[in-house]
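Read-outs: derived from the displayed coordinates by stated rules, not from any lab. Everything numeric in this text was worked out from a predicted model, so none of it was measured. Neighbour counts are summed over all protein chains in view; Cβ atoms, including those assigned to glycine, are modelled from backbone coordinates with ideal geometry.
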Amino acid sequence: MLLKTIGMSAIVIASMAFKSSSQIEIENNIDGKIEWASETISVGDIKKGIPIDIEFEFKNVGETPVIVSNVKAGCGCTNVDFPKRSISPGETSSVTAIYNAKTPGKFTKSISVSSNASAIPYELKFNGNVVVE
């Protein structure tokens with residue numbers, strides 16, 4: 001019985017060690033590298049109800065292709081567009097926020113960009129002022 005308990009303990013400890021090394025491998029599996037031209041863009045005055053495109057340009061400054069896997073808008077007034085193919089080392093591309101302002105006044109909005117270049121999504125922001133004409 002004692003031998004069985006010791007054997008089970010060894011299996012549990014070994015599986016914990018394996019899990020820890022797997023987690024480290026996943027955390028270090030970031031192989032792309034993005035350099036943003038700007039992570040915040042000011043658009044100035046814009047007209048209410050007329051959509052505008054805000055383009056966040058980036059360059060792959062790493063040694064492997066960058067894949068943008070998902071882009072999420074921070075609100076329903078913003079749509080997004082992003083490259084659906086890998087971006088080769090040295091290549092430039094962009095992520096676009098399409099903002100349709102419904103409320104007059106100053107605003108700050110954001111989009112979240114997930115890729116193989118960072119374990120944490122990039123948060124890109126844009127701001128301006130909505131005017132009524």
Based on the alpha-carbon set only, what is the convex hull volume of segment 41-117 divided per residue, in Å³? 87
Neighbouring Cβ atoms within 10 Å as the yardstick, rank ILE50, ILE98 fewest first. ILE50, ILE98
